[in-house]
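Here's the structure, in structure tokens; my notes come after.
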Amino acid sequence: MAITEPTISRRGLARLGAAAATVAAIGAVKTAAAAETSGTIKVGILHSLSGTMAISETTLKDVMLMLIEQQNAKGGLLGKKLEAVVVDPASNWPLFAEKARQLISVEKCAATFGCWTSVSRKSVLPVFEELNSILFYPVQYEGQECSRNVFYTGAAPNQQAIPAVDYLMKENKVKRWVLAGTDYVYPRTTNQILEAYLIAKGVAKDDIMINYTPFGHSDWQNIVASIKKFGSAGKKTAVVSTINGDANVPFYKELGNQGLKATDIPVVAFSVGEEELAGIDTKPLLGHLAAWNYFQSVDTSINKSFIDAWHAYTKKPTRTTNDPMEAHFIGFNMWVKAVEAAGTTDSNAVIDAMLGVSVPNLSGGYSAMMPNHHITKPVLIGEIQADGQFNIVSQTPGLVVAQEWSPYVADTKDLIGDWRAPLHCGAFNVKTGHCTAGKKA
Amino acid sequence: MKLDRTAYLTLALSLGVPVALALLNQTTEVGSALHIPTYVVALAGKYLCYAMLALAVDLVWGFAGILSLGHAAFFALGGYAMGMYLMRQIGTRGVYGNAELPDFMVFLGWHELPWYWQGSQWFPFAVAMALIVPGVLAMGFGWLAFRSRVTGVYLSIITQALTYALLLAFFRNDMGFGGNNGMTDFKDILGLNVQADSTRSALMVISALCLCVQYLVARFVVQSRFGKVLIAVRNTESRTRFLGYRPEAYKLVVWTLSAVMAGIGGALYVPQVGIINPSEFAPANSIEAVIWVAVGGRGTLSGAILGAVAVNFGKTWFTGMLPDYWLYALGALFIFVTLFLPKGIMGLFAKRAAKPVAVLEVAE
Amino acid sequence: MRRLLAFLMIAAVSLASGPSKADPVDDAVTALSSGSFDSVHEGVGQLVASGSPRAAAIIGSLQNGKLYFRPDHTLFIKQDDGTYVGALTGTPAEAGAVKPVKVNNAIRGAMDAALGALRLFSPDAATRMTAAEAVFHAADPAALPALTKALEKEADPAVKVRMQQARAAVVLASPDGAEADRVAAVGVLRARGDIDARGFLASLSDQPPAVAAAITSALTAIDRLAQIWSVGQSIYYGLSLGSVLLLAAAGLAITFGVMGVINMAHGEMVMIGAYTTFVVQQFMRAHTPGLYGASLLFAVPLAFMVSGSIGIVIERTLIRWLYGRPLETLLATWGLSLVLQQAVRTIFGANNQDVDTPPWMSGATALGGLTLTWNRMYIILFSAVVLAGLMAALRYTSLGLRMRAVTQNRRMAAAMGIRTPWIDALTFGLGSGIAGMAGVALSQIDNVSPNLGQSYIIDSFMVVVFGGVGNLWGTTLGALTLGIVNKFLEPVAGAVVAKIVVLVLLILFIQRRPRGMFPLKGRAVES
């Protein structure tokens, strides 16, 4: 019965064999190439260069390449050159796990800098723990995690959301809150924390509206109108936006067109930075706010030289810098310092040496790696200006220590993460004295 | 059932290579020249699961003329059924240490397991669900669609609508399937550590066995009398109907079978890649599965397996080697295959005398 | 605005107490050049209270970010040509090292209120209108005398109404005043009836019983009216979403509907149109800034041509080899879409690009209780024009005639001497060109990024299939129906569920009508 399948001829078989041999040969060449470069320290870069997240992550790949180039110009690390290994996980979450495994077990990278979305971090986390390697995660996130193998250089919710809400309560006397977000874990957690916080501050439940939209939501007419309606109850209203990347541009365009001005209903965003604003005409958005740990407009000499280096590296004097870039800047410098202190790139030694390392951040102070694998950060609040930059209107007087486990979530309020001896635990319950998760193996 | 040289070769490769990889991974020392790293085992396991999806697509597209742009939905549903089982196995080792509820439910403030999670802690139940859920969905959907004679592009587009609707639904945290993050950080399967090399090797070999069984089943179906009617339906549906057959019944059977096959693939996929989340429902994934089949050779079964493995190997290789340019390479490959290899890679090896495999729809 | 009042009082007192105090203008200048937000805020109030003739100019330039200060407490206004004038003198001055005076939202609010009061007597009616609106929003009792004076002089009826509303707000906001006046004021705001009036009325507390009762009934009346208008508003939202879908799908209705080519790169044609807009704007900003406001008018034909020619190239090099193998075009064009996306990423970078909305497309207008945003109104209009043009082209031009002939019966058309390959190329070019024009429209409401096309491709296919392949009227009706159904479901079910429900309804609908709303008749469509 040959109607269903072609029968492979002998010649075809020979061709198949040739193809297999070619693949094998390519593999062999690659192994040889890897062996040749063993005199370097490899650094993995795991950021999506295609797909939906490329929009945010490509910049982080570029900044890592710049930092590695700068370090090599300074003579490398431990007398060896650093070598960047760039892979493209293509905004595909299982592919993130596959690429992480490749970076660690095939390329033998000493550390990996990468991920943006929470789901990508969740996807690679078991791989990093299984193979005992190091990941630097540079994006503000929902917290509720404290892995021994991950260093979280982005903000935890208390390093971003709560100071922003405090600011609006104090400066604008806001009494009514819209918590608008994309339906995924970061907004859900942040809103859960904020809701508990607001209620604790005496805001009535009726004065809080929570709204979730899908990823990439592009038609905001109804939602902006309902925000306006919610704001017409006679109390000063503000919007806390945890809307994710792509959906922000149409959201802000609709805000501008429906005439929702910052003086009436200010919107404070946690995921909108210089990069996102570069795609919007910001004139109608004057005065809307964002809370971050870094703005490009920070007026310090270290920031200025960072921006200059960035422009020189990208050969584009209009490229913006943003908060996750600063996180990589801090994370990379911390890793360099820890490797120098440990005298090796061995994961266990570096993980131990990382604790307490302190390096300059770009806003003029020093950020330190705490025992919970999160860093200390100042919190800055900026208003959007007509040129797409932020006008910094408030800055916390000191550095804020991250709360990796939220005190406002019932199940985690007693947890702490402490990777120092003797605890060595990512989720230690201070009430029961038990380590519930993430004990060092 | 008659097996020809292609079939023997397909079976030998699909089973032999994974078994060899597993043996080399398990029996040799790390560092030895013959050692196969776990990375390769994990990759091979993933490809084998994709091959099952491709086989399922080829069965309906190559032999019944149903171009499904939503087949990844069945794959993902199978994966979710297995993911639920794996989540329940975490038990108190989750972040919140809750024995009953998965972490994301604790986080959402839920206090009890929703009804549709009942029973998911039993492995046989999970396996049954991985077969039943895609099967029932496909049967319902197919019954509606084939009965009212939705064909061609209309059918393709509504399969796409189906997977898109499921994508949006599973994104919702309120659905109780973990929202965008899905399910991850699995610990055990049947009491074995999912991250252990031995478990990985075993899962890969099981995947290979499943693939071979699926291949044999698919071959049996298409070579039977039933299969001949199916090909008649593919070529000229109206004429087959005029001859007294009921095309919708034939299509419904093969469609449901195909969905179940995809579901098995998904169920084996999840423990090996360690995550299941709604992006598996993305229409782009389904289109990619169709592309694997086209690259391998539509209507050849063994070509589907070859296409899935080849394209995914290419993807793995290019994303590592040419991170900035791999999309050019992949895109160009698809264009090249369609223009110059209309019968896919299998067409290259086919005997010149062999009849064209995919007889094109003849205008009526 | 209580604070402004306080300053006015302090200012009045300090003026009355004699010349021993420093000049209030000097105080204001010192405050404005202090560099702290709180002092600048006070400075704005002091400046207004000082009655300085330069107050409006200084606050206006502060609002536009043109006010600079020197550490020695001197203020300068930056001119458009980059030179400075003294803020108090208005004459050119050497500034030296200056820094801009920074403002925050609180200061911006104070400036709006201050400028409103200062501009109530402007010769320009439109300025007076905005001024009255600003006074309404500020509701600062201190503005009452000025407002009363302005009302007496006002001749323009529309401005007069606005001023009366502002006066009503001021009356209600002031702690004293006759009860009858206040009840009348509530009536004025009830007549205004919009969301701002509602917000203001709802914010009032501690009112005498009669006034409170009037407010409660006014709120109920406004809410009831808003409920009725909201139906119209939802229809508008639906129409606007529908017109976006229609634009995205119209090109597909040609390439897919008429030619039967499943063009997965259709979304990328839309994206290329949007990037064309970006390039046109960049070029015009650099070379013809005078015409910048009309950049979109130039972008539309250019986007049509760019996407159209790319479409023709694609047809000639790729698709023409695949006729008769409709489902394989899907594969090839999918590959093509990957290549095009990555190409745009390589050329322009992965980030969003900034496409400006021209002033005539920004903002919104009110029609009764409806808020009509200009950009969406223009998009509705634009999609209607595109649709009409497309239909006219198909019906009345010779190219259209040939296209229809080729799609109806290719062999017969060829026998009649029509060069069918050429017509195929032009038809595909037309469909792609329309996608390009859709890109111009989408650049006004969505991200201009390499992923732009992907987010519309699925919806576009749904629309075409729902309407009935090969039928432009079907596509139109399909797009509008999907848009409106979606927008009516959204407030009830939420954005995500609304979309899921629409998809499920669509699947069920196709079961009922397997060839869409308006199936083409005849045997030509069978395969």
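The values are calculated or read from the model by the stated rules, or taken from the named source; none is laboratory data. Note that the coordinates shown come from a computational prediction; the quantities given were computed from them, not determined experimentally. Virtual Cβ from ideal backbone geometry, glycine too; neighbours counted across all protein chains shown. Just the protein is used for accessible areas: all its heavy atoms, side chains included, with ligands, DNA and RNA removed. Shrake-Rupley method; radii C 1.70, N 1.55, O 1.52, S 1.80 Å.
Inside the stretch C:436-475, residues that are assigned to a loop (DSSP other than H, G, I, E, B), within 14 Å of chain B (Cβ to nearest Cβ) and open to solvent by less than 20 Å² (accessible area, probe 1.4 Å) make up a count of 4. Looking across the stretch C:409-435, just one residue is touching a residue at least 12 places away in the same chain (Cβ under 8 Å) and within 14 Å of another protein chain (Cβ to nearest Cβ), and that is C:ASN409. Looking only at the stretch B:135-178, residues that are within 12 Å of chain A (Cβ to nearest Cβ) and either more than 22 Å from the chain's Cα centre (by Cα) or open to solvent by 40 Å² or more (accessible area, probe 1.4 Å) (or both) come to 4 in all. Answer yes or no: is there a residue in the stretch A:336-352 that is modelled with pLDDT of 95 or more, assigned to a helix (DSSP H, G or I) and under 30 Å from A:LEU285 (Cα atoms). No: zero hits.
Go over the candidates C:ALA212, C:ALA248 one by one and state the one that is more than 10 Å from chain A (Cβ to nearest Cβ) and closer than 28 Å to B:VAL153 by Cβ.
Details: C:ALA212 fails: closer than 28 Å to B:VAL153 by Cβ.
It is C:ALA248.
Of all residue pairs spaced 6 or more apart or on separate chains, those with beta-carbon atoms under 8 Å, a first member in the stretch A:171-182 that is on the phi < 0 side of the Ramachandran plot and a second member that is in a loop (DSSP other than H, G, I, E, B) and charged (D, E, K, R) are A:ASN172/A:LYS236; A:VAL174/A:LYS236; A:LYS175/A:LYS235; A:LYS175/A:LYS236; A:ARG176/A:LYS235; A:ARG176/A:LYS236. Filtered by the rule that a residue be of a type in the set (Ser, Thr, Tyr) and facing chain C (nearest Cβ under 10 Å), the stretch A:218-261 gives A:SER218, A:SER226, A:SER232, A:THR237. Among the residues making up the stretch B:75-102, those that are assigned to a helix (DSSP H, G or I), within 13 Å of chain A (Cβ to nearest Cβ) and surrounded by fewer than 24 Cβ atoms within 10 Å (Cβ to Cβ) are B:ILE90, B:GLY91, B:THR92, B:ARG93. C:VAL280 meets all of the listed conditions (1) assigned to a helix (DSSP H, G or I); (2) modelled with pLDDT under 95; (3) surrounded by 20 or more Cβ atoms within 10 Å (Cβ to Cβ) but one, namely (2). The residue of the stretch C:319-335 that is modelled with the highest pLDDT, among those that are at the interface with chain B (Cβ under 8 Å from one of its Cβ atoms) and open to solvent by 10 Å² or more (accessible area, probe 1.4 Å), is C:TRP334.
Among residues of the stretch A:42-57 being over 19 Å from B:THR316 (Cα atoms) and within 14 Å of chain C (Cβ to nearest Cβ), the one that is modelled with the lowest pLDDT is A:ILE55.
For the stretch C:49-165, which fully contained helices (runs of 4 or more DSSP H) count at least 1 residues that are in contact with a Phe, Trp or Tyr (Cβ under 8 Å, 6 or more places away or on another chain), within 19 Å of C:SER39 (Cβ to Cβ) and among the β-branched types (Val, Ile, Thr)? Please lay out each step first, then the result.
Details: elements: C:55-63, C:105-118, C:125-138, C:144-153.
Hits in the stretch C:49-165: C:105-118.
Filtered by the rule that a residue be open to solvent by less than 10 Å² (accessible area, probe 1.4 Å) and part of a helix (DSSP H, G or I), the stretch B:268-279 gives B:TYR269, B:VAL270, B:PRO271, B:PRO278.
Looking at C:ALA392, C:ALA405, just one residue is within 30 Å of C:ILE319 (Cα to Cα), open to solvent by 30 Å² or more (accessible area, probe 1.4 Å) and at pLDDT below 90, and that residue is C:ALA405.
Restricting C:ALA226, C:ALA249 to residues that are buried (at least 24 other Cβ atoms within 10 Å of the Cβ) and part of a helix (DSSP H, G or I) narrows the list to C:ALA249. The residues of the stretch C:171-186 that are assigned to a loop (DSSP other than H, G, I, E, B) and among the hydrophobic types (A, V, I, L, M, F, W, C) amount to a single one, C:ALA178. Criterion applied to B:VAL213, B:VAL222, B:VAL205 was being more than 30 Å from A:ASN244 (Cα to Cα), open to solvent by less than 10 Å² (accessible area, probe 1.4 Å) and part of a helix (DSSP H, G or I), and the one residue passing it is B:VAL222.
Going by the conditions given, is B:PHE242 without any contact (Cβ under 8 Å) to a residue 12 or more places away in the chain, farther than 19 Å from B:MET82 by Cα and not polar (S, T, N, Q)? Taking the combined requirement at face value, the residue satisfies it.
Picking from C:VAL313, C:VAL339, which residue would you name as being over 30 Å from C:ALA197 (Cα atoms), open to solvent by 30 Å² or more (accessible area, probe 1.4 Å) and away from every other protein chain (no Cβ under 11 Å)? Working first, answer last.
Values: C:VAL339 fails: away from every other protein chain (no Cβ under 11 Å).
Answer to the selection: C:VAL313.
So, A:MET354, is that one open to solvent by less than 60 Å² (accessible area, probe 1.4 Å) and over 17 Å from A:GLN159 (Cβ atoms) or not? So A:MET354 fits the description; yes. Out of B:ALA262, B:ALA332, B:ALA289, B:ALA294, one residue alone is surrounded by fewer than 24 Cβ atoms within 10 Å (Cβ to Cβ), among the aliphatic types (A, V, I, L, M) and in a helix (DSSP H, G or I). It is B:ALA332. Check the stretch B:234-250 and report whether any residue there is among the hydrophobic types (A, V, I, L, M, F, W, C) and open to solvent by less than 10 Å² (accessible area, probe 1.4 Å). The answer is no, given that none of the residues of the stretch B:234-250 is among the hydrophobic types (A, V, I, L, M, F, W, C) and open to solvent by less than 10 Å² (accessible area, probe 1.4 Å).
The set of residues in the stretch A:289-310 being open to solvent by less than 40 Å² (accessible area, probe 1.4 Å) and without any contact (Cβ under 8 Å) to a residue 40 or more places away in the chain consists of A:ILE307 alone. Residues in the stretch A:126-148 that are closer than 13 Å to A:SER347 by Cα and buried (at least 23 other Cβ atoms within 10 Å of the Cβ): A:PHE128, A:SER133, A:ILE134, A:LEU135, A:PHE136. Whenever a residue of the stretch C:305-330 is within 11 Å of C:MET269 (Cβ to Cβ), its partners that are open to solvent by 10 Å² or more (accessible area, probe 1.4 Å) and in a helix (DSSP H, G or I), lying with C-beta atoms within less than 7 angstrom and at least six residues away or across chains, give the pairs C:VAL306/C:ILE272; C:VAL306/C:THR276; C:SER307/C:ILE272; C:GLY308/C:LEU430; C:ILE310/C:ILE272; C:ILE314/C:LEU336. Listed here are the strands (runs of 3 or more DSSP E) enclosed by the stretch A:101-196 that have at least 3 residues being outside the structural domain of A:ILE330 (by TED's automatic domain parsing): A:176-182. Among the residues of the stretch C:188-204, write down those that are within 24 Å of the chain's Cα centre (by Cα) and among the small types (Gly, Ala, Ser). Matches in the stretch C:188-204: C:GLY193, C:ALA197, C:GLY199.
When the residues of the stretch C:187-204 are filtered to those that are of a type in the set (Gly, Ala, Ser) and either away from chain A (no Cβ under 12 Å) or part of a helix (DSSP H, G or I) (or both), which remaining residue is most open to solvent (accessible area, probe 1.4 Å)? Ranking the candidates gives C:ALA191 first.
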